[in-house]
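A short worksheet on the structure shown next.
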Amino acid sequence: MIELRNLTKIYRLNGVAKPIARDLTFTFPRGECVGLMGPNGAGKSTMLKLIAGTIQPDSGEIIRHGSVSWPVGFAGSFHGDMTGAQNVKFVARLYGIDTDEMTEFARDFSQLGAHFYLPVRTYSSGMRSRLAFAMSMAVKFDTYLIDEVTAVGDGAFKAKSEAILLERLETSGAIFVSHSLPQMERLCQSGIVLQNGRFFYYARVQKAIEHYQHTMKGILPPWMR
């Protein structure tokens, strides 16, 4: 379970304030996959990074009960001069996981072939994302933070990614960001629309999707008019 208490994060772009969170207080439901929606630039990815602890809020606090993943698929923390295999082993040691077991899983799942043993700086962005997703799925977290990652790869890889994600969600919760509304509906139970630094939470993800669709048309949903 994750709690946000009076969370505020505001960026300034050319002197204009852009709120990601404005005195936001919210408790994510335990053990659910919560879809996080919002227009481009609303701050969905930034919100995941705040929850992961990779960036800090301006004020307020985030309380994490249980283990929380890094943003799944986030490839920014790789050491470029190390091979894919070496990066995996480093993370395995960090989380106290058997290095051989995690390396075998990540190698097979990412389908990088010989590139798995080459420096990560030689990888394309798609290859980095596939490796990052494989590493994330190799670690059992109480809550996964997922940002568009199942969009990486061909059809077979996408299907495989969603299948293992569903398997992990049988025993874990998640905060899930995706522009694929059908996928959001398949994976999530509840939903949040992030808008102007505020959360609009719905216990049924279908209702959150409806709110989001109205937002994308530039109109309020009927129940807010």
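Brief remarks on what is shown
- The condition of being in a loop (DSSP other than H, G, I, E, B), closer than 22 Å to Arg168 by Cα and not small (Gly, Ala, Ser) holds for only one of Arg30, Arg93, that being Arg30.
- Candidates in region 202-224 are the residues that are surrounded by 17 or more Cβ atoms within 10 Å (Cβ to Cβ) and of a type in the set (D, E, K, R); of these, the one that is nearest to Ser190 (Cα to Cα) is Lys207.
- Within region 41-66, residues that are on the phi < 0 side of the Ramachandran plot reach partners that are at pLDDT below 95 and of a type in the set (Phe, Trp, Tyr) with beta carbons closer than 6 Å, at six or more positions or on different chains, in the pairs Ala52/Trp70.
- The sole residue among Phe116, Phe78, Phe74 that is modelled with pLDDT of 95 or more, buried (at least 19 other Cβ atoms within 10 Å of the Cβ) and within 29 Å of Asp154 (Cα to Cα) is Phe116.
- Residues that are closer than 20 Å to Lys18 by Cα and part of a helix (DSSP H, G or I), drawn from region 177-225: Tyr212, Thr215, Met216
- Taking the conditions (1) surrounded by 18 or more Cβ atoms within 10 Å (Cβ to Cβ); (2) of a type in the set (Gly, Ala, Ser); (3) assigned by the TED database to the domain that holds Met37 in turn, Ser180 satisfies each one other than (1).
- Residue match in region 149-162 (condition: without any contact (Cβ under 8 Å) to a residue 12 or more places away in the chain and farther than 30 Å from Cys188 by Cβ): no
- Among (1) touching a helix residue (DSSP H, G or I) at 6+ places or on another chain (Cβ under 6 Å); (2) farther than 13 Å from Gly38 by Cβ; (3) hydrophobic (A, V, I, L, M, F, W, C) - the single one Leu181 does not satisfy: (2)
- Within region 142-176, tally of residues that are outside any strand (DSSP E or B), touching a helix residue (DSSP H, G or I) at 6+ places or on another chain (Cβ under 8 Å) and not acidic (Asp, Glu): 14
- Region 161-177 - residue that is charged (D, E, K, R) and surrounded by fewer than 17 Cβ atoms within 10 Å (Cβ to Cβ) and, of those, nearest to Thr143 (Cα to Cα): Glu170
- Which numbered condition Ser129 misses (of (1) at pLDDT 95 or above; (2) surrounded by 21 or more Cβ atoms within 10 Å (Cβ to Cβ); (3) among the hydroxyl-bearing types (Ser, Thr, Tyr)): (1)
The values are calculated or read from the model by the stated rules, or taken from the named source; none is laboratory data. What you are looking at is a predicted structure, and each value in this text was computed from that prediction instead of being measured. Cβ coordinates were reconstructed from backbone atoms using ideal geometry, including for glycine residues, and neighbour counts include every protein chain displayed.
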